[in-house]
1. Suppose we take every Cα in region B:454-559 and form the convex hull; what volume per residue is that in Å³?
2. Let's see if you can work this out: charge +1 on each Lys and Arg Cβ, -1 on each Asp and Glu Cβ, no other charges. What is the dipole magnitude of chain A about its Cα centre, in debye to the nearest 20?
3. What angle do you read, to the nearest 10 degrees and between 0 and 90, between the alpha-carbon axis of helix B:396-417 and the longest principal axis of chain B?
4. Between their Cα atoms, which of A:Lys21/B:Lys285; A:Lys122/A:Lys168; A:Lys21/A:Lys58; B:Lys591/B:Lys622 are more than 30 Å away from each other?
5. Largest first and in whole Å, what are the equivalent-ellipsoid semi-axes of region A:33-87 based on the Cα gyration tensor, each being the root of 5 times an eigenvalue?
6. Could you check how many percent of all C-alpha pairs in region B:106-236 are farther apart than 25 Å?
7. Relative to the compact globular guide of 2.2 N^0.38 Å, what is the alpha carbon radius of gyration of region B:397-507, as a ratio?
8. Report the longest stretch of chain B that contains none of the trypsin sites (Lys or Arg not before Pro) sitting in a DSSP loop with at most 10 other Cβ atoms within 10 Å.
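Readers should treat all values here as calculations from the given coordinates under stated rules, not as data from a laboratory. Note that the structure is predicted; figures quoted are calculated from it, not measured. Because the Cβ atoms are built from the backbone with ideal geometry, glycine has one as well, and the counts that use them run over all protein chains shown.
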Amino acid sequence: MSGAHEYIFKYIIIGDMGVGKSCLLHQFTDQKFMTDCPHTIGVEFGTRVIEIANKHIKLQIWDTAGQERFRAVTRSYYRGAAGALMVYDITRRQTFHHLASWLTDARNLTNPHTIIMLIGNKLDLAEQREVSFEEASRFAQENGLIYMETSAKTGENVERSFIETATKIYQNIESGVLDPNSVESGIQVTTTLIEPAREQQQSGCSC
Amino acid sequence: MVNQRNQRPLLTLDTKQKINENGGGSSPSTTAPQNSIITRKVHQVVSISSSLAENDSLRNALQYLGTFYGENTVDERRNLRGVLESKTLDTHKELLREFTKVNERLELLDNVVGDLSKACSLIDEQMRQHESVTKSFLVQYNNTQQKLSDSQHRQKLISTFLTQFQLTDAERDALLYHPITQTFFRTLNKVHDIKNACTDMLRTHQQKSGLEIMEEMSGYQDTAYERLSRWTQEKCRLLSSDVYQDSYADEHDEHLYGHLLVEQELKNALNALSGRPVLLRCCLKEIVSARKTALVSKFFDALHGGRRRPIEMAAHDPVRYIGDILAWIHQSAASERELVDSLLSNDESEPGTPTSSSSSSLQSYSFGVLDETFQVLNAHLKDKIDQILNGERVDMIVYFRLGHLMELYRFTIGKLLGMNSSLPCYLSELRSMVDHCFYDVLQKQQVVVSLTLNLKPPNDMVDLMHKLTDILNTLNQSMVPQESREQEFSNIISAVVDPILSNLSSTITSQENISDMYVFIVNCHALLHNTLSPYDFATKKSEVVMAETDKIMEQFISFQSDQLLTNVGIKQILDLIKNNQKPLSAVDGLKPEQMSLFMQSLYVHLFSTSTLLLSPQQQCDKISSTRLKVYSKNRITTALSDAYAQVYACIQDLENQYDNAKEIAFRTPQQVKILLE
């Protein structure tokens, strides 16, 4: 019953070129690390069903190209995202400096309840680190973001980051902050009706 | 009872006898002494009394005697025998009476027993008769018993056969009348299995029944499939229900999306129908039409809906507008794809899923369904493009960007819907339409490049080059592969750059002030070169332009040098040197005194270089490229110093017999060169 899910959450992954956005996505959807990940052209997407509070939730994740020349194209995809993962590379300070510009885009183009998570990727290369955890953590705090360091290579924290974001979104739905039926929420309620108990009962009678 | 009656008299008799014996013993008192008699009597009494205590019968006898024996008188004693005998007689009489009664009873009993015996023999007789009759029945019974067990066995076989080759009433009802549930699919599956089994049956000698059952099952199948198809079509029609419901009623202007139910039954139904492609196609048509409805209403909702940022808000910026629309389509394509894939998945593990081989092809329909569904957006997309194309004057770069946007999405959406599906193909159609507009405008942009006063490229051309830069930037940033990028580039070049180049080269011959012309052309070329050189795909063309520039530069330099040498007069000298035999000092025009005069005036010219080189340098200064400017200046001075070196060498040559060569040309070429530089 892999197709059975009550909600679809739309995610978007943004950040500079080469920070490992596509690798994060692949690590999350396929539990694999792609060693030779080609540059993303335009926008690609992946899905995975997760479980939060006994609810099956399908994450529909849009992975955008980080190259500046695609920026105009990728901007069209922010609309209606329930979650945004903003990724930088902890070994390249430059990518951290560009976060402000990504954040501006994310804030301007998504809705106010969109959960934005800051992700410092390439934790496996921590010895080449150029951005300290504390500094990024401060940046996240100042901007009201959830912050986490991950490694798409080893898979460390990858699952956690996606699930934590989804949990926040789900909490927002539960508490009524977010109306899952409104289009801009980035959430679709799709009840796939399968009631095996009912079926069995009926078949029992007719045989 | 008889015994009890008899006992008493018997006992009485015994007692009497004893008494008699005792009485007999006491009578002879005369024959024995008195003492001994008395002793004997006492003894007798004692023994009697002791025996009385022990003997019940004697005591009973004496008690009985007591009932009628009164005073112990002589009379009484004498009469006792008689009394006793009469009593005995009475007793016997009574006994006789009683026995007579017993005898009567016994006779009665004898009669009864006799009757019984008769009856028994009668029964025996009858039994014997019946036995002979029943014997045949027994045989019959045994036969029947055998037949029964045979029948039971056959019944078992038949019921097994029936469960395997026939439907139960409940199953038939489920298949033909009841609402569609998992039972329906299980039964449908069974019908399918039965038909398969019948095929096997046709190989045995049960062909006839095989055919009959097959026919029956086919009948069921046909009806069931038709029912299923109707049911499925109805269900499919409901798939259009994830459209928003009445947004205007909601004060917050929020759009509610209905829940899209994809029931397991519907999946099973589509799976089952894959055995009947004709019916399946009808259902797929319903899906397509339902999804079309849903898609269009979602499309318009995304465009105009009262959301925070409807796409229509970007309508003033055509590239952003169409980009947003295409991004929306891309995202919808992803969602639609998931929906259709989940509908048309052949999940064999599900119960009641027919395992017909054709079901594996169910997924192959998904591209078709998506293709047809998204066709509905073609017209809307065209509307939007037309709006832009027919709207206010649009900058041609917009056309170009739109074209590239379409190319990007043709690829992106094509990955989801299939590259050959309608929408991506339509996008490439739209692209060629937009491209057509682009090239149309581009061609009109052509400038007639005519000589300007300041020899710089005309403003028209500068504008055009700005636009070209925009275009080339877009091209550079587009995702089209290098080859097609080069192809596109060559198209643009042939529309923009080539006309300019040919225009420029044609002006060279027609112009009188050729020097200006050269500078002008070089400047135009430099602009072209600067515009093209940053781009990888333009390398070839910019090299061509570069070569052309070099050619023109050569012409310009040689023209300028020629002019300079002529003005100075050195050119004529050189001509004479070249055309005459040694000794040259004898040639008219090269005579020592003439040469001396010429050299003196030359030195004057050289020392006032500013006047000498003014005209060519001014010309060179009009070259906009600093590199070319310096280069041309150097080349011209070098030409002059080279010419001087030739003349100097000629004068110094002894064979030319200039007597005072040192005086005629007292500056070495080295000195002149330094002077010029």
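1. So the per-residue hull volume is 87 Å³.
2. Values: 20 positive and 25 negative charges, 74 e Å.
Here chain A has a charge dipole of around 360 debye.
3. On a 0 to 90 degree scale, this one is about 30.
4. Values: A:Lys21/B:Lys285 39 Å; A:Lys122/A:Lys168 24 Å; A:Lys21/A:Lys58 19 Å; B:Lys591/B:Lys622 40 Å.
Checking Cα-Cα distances, A:Lys21/B:Lys285; B:Lys591/B:Lys622 exceed 30 Å.
5. On the way: eigenvalues 119, 49, 13 Å².
So the equivalent ellipsoid measures 24, 16, 8 Å along its semi-axes.
6. Percentage above 25 Å: 58.
7. Compared with the compact-globule rule of thumb, region B:397-507 sits at 1.27.
8. B:394-677
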